[in-house]
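One structure below.
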Amino acid sequence: MIQPPLVSVCIANYNGMAVIDDCIRSVIVQSGEVNVEILVHDDASSDGSSAHIREHYPQVKLIESPKNVGFCIANNRMAAAAQGQYILLLNNDAVLYPDALETLFLEARQLDTLAILSLPQYDAGSGELIDRGCLLDPFFNPVPNLDPQRRDVAMVIGACLWIPTAMWHELGGLPEWFESIAEDMYLCCRARLAGYAVRALTTSGYRHWQGSSFGGNRVTNNQLVSTFRRRALSERNKSFVMVLTCPAPFLQVIVPIHIVSLLLEGIFLTLLRRDMRIFRVVYLPALAEMVNRRQFLIGVRSSIQKKRTIRWQNFFAAFTFKPQKASLLLKHGVPHLS
């Protein structure tokens, strides 16, 4: 009798020919007795990676999309087809350590509550530790956690995110209207509001070619480099997460400050770089979307907040009050957008 899988590893792939082999092989060679199924959603790749997966990895359950639908829809489709007790979202540019799945499973089994988990994230090029999960600043910007003593965090990165399948379905998966970026923040904040843990482990890990799957979001030559599209989605979706999950009455204080700070930040960067695209492509759409979707956001927020089981003090326990953007500006200067 064939045993059902314990873990469904879900890999969203788009033009990942350069990285997909290392990713899939890292799952295949996992140590321990964890029964695994591998699902790959190919998002209308044009580089032949879908045919490559079909030919070389017959054990993979390949879902081929006729059009590009984005990270959220891709993972929701795989989760709907997953048969495992747990789901691991894994970027196609991430490579698991050999004991990663066993480490995650043992941690999940020892906890007395359902939890979202992740492993230490290491830069695939340099081997440098990137984070052990993230805290959030007051404006919902991720702050990498490097403290080995801290395990409870505000969020873990979606490049390697472990979640019980039952919790995934209870929370409704990823918000498809996000497209991509900050969907991991949304899922973790929702989980924490519902009383579930979000934890970063201190052992094992994964290597990540940070930014290769979507472009940008990394420090190059001591300067933060990103793309217009990534930054636009980031500013918009982080704002959505704030509006949807921030406990009242703090929302009424934080959102106006956030809107003013976004406006000033956009004007400052536009004037400094002398490039109107910064305001037109990144900041204006983020601000406009908050206004245009306000009724929709109010409805979604009401649904989420009705299920909140924790006090606001507990929600903000994984926050830091040091503004992350100011810290990055002082350390790396003005970000470069391409």
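Details
- Amide H contacts of Met155: Cys134, each under 5 Å away and 5 or more positions distant or on a separate chain (H built 1.01 Å from N in the peptide plane; Pro and chain starts excluded).
- Converting phi to 3J(HN,Hα) with the Karplus coefficients 6.51, -1.76 and 1.60 and the offset θ = phi - 60°, segment 330-337 yields 5, 7, 10, x, 5, x, 9, 10 Hz in sequence order, with x at every glycine or proline.
- Helix axis angle, 71-81 relative to the chain longest principal axis, alpha carbon, degrees: 30 degrees
- Sorted by Cβ neighbour density within 10 Å, fewest at the top, the residues Ser204, Ser31: Ser31, Ser204
- Within segment 1-134, DSSP assigns beta bridges of which about 10% are antiparallel (rounded to the nearest 5).
- In the chain, helical runs assigned H by DSSP with n ≥ 4 each contribute -39500 (n - 2.57); averaged across all residues and rounded to the nearest 500, the mean residue ellipticity at 222 nm is -12000 deg cm²/dmol.
- Residue exposure proxy: Asp137, Asp152, ordered by other Cβ atoms within 10 angstrom of their Cβ from fewest to most, comes out as Asp152, Asp137.
- Each residue, Arg274 and Ile259, gets one label point 7 Å from its Cα in the Cβ direction; the gap between the two is 3.3 nm.
- Counting only DSSP beta bridges with both residues in the chain, the antiparallel share comes to about 40 percent.
- Remark: Trp209, Trp162, Trp177 ranked as Trp177, Trp209, Trp162, counting other beta-carbon atoms within 10 Å and listing the fewest first.
- For Cα extents along the principal axes in Å, calculated from these coordinates, the label among (1) 68, 49, 48; (2) 61, 44, 38; (3) 71, 45, 36: (2)
- Whole-Hz ³J(HN,Hα) from phi, Karplus 6.51 cos²θ - 1.76 cosθ + 1.60, for segment 168-181, glycine and proline x: 3, 5, 5, 7, x, x, 8, x, 5, 6, 6, 6, 7, 6
- Cα centroid separation, segment 49-63 to segment 100-159 (Å): 29 Å
- Listed peptides 263-273, 5-15 appear in the order 5-15, 263-273 once ranked by packing, highest mean of other Cβ atoms within 10 Å at the front.
- For segment 15-31, Karplus couplings with θ = phi - 60° (6.51, -1.76, 1.60), whole Hz, Gly/Pro x: 6, x, 3, 6, 10, 5, 4, 4, 5, 5, 4, 5, 7, 4, 8, 4, 7
- For Lys67, a cut-off of 19 angstrom between C-alpha atoms picks up these aspartates and glutamates, skipping any fewer than 8 places away in its own chain: Asp42, Asp43, Asp47, Glu176, Glu179.
- Label-to-label distance for Asp152 and Ala288 is 4.2 nm, based on points extended 7 Å past Cα in the beta-carbon direction.
- Within the straight-line cut-off of under 26 Å between alpha carbons, the lysines reachable from Lys325 are Lys238, sequence neighbours fewer than 8 places apart in one chain being disregarded.
- Peptides ranked, highest mean first, by Cβ atoms within 10 Å: ranges 302-315, 224-237: 224-237, 302-315
- A full extension of the chain between Asn314 and Ser338 corresponds to an added length of 4.8 nm, given 0.36 nm per residue minus the alpha carbon distance.
Read the figures in this text as sums done on the coordinates, not as results from a lab. No experiment lies behind these values; they were computed from the predicted model shown. No Cβ is skipped: glycine too gets one built from the backbone with ideal geometry, and neighbour counts run over all protein chains shown.
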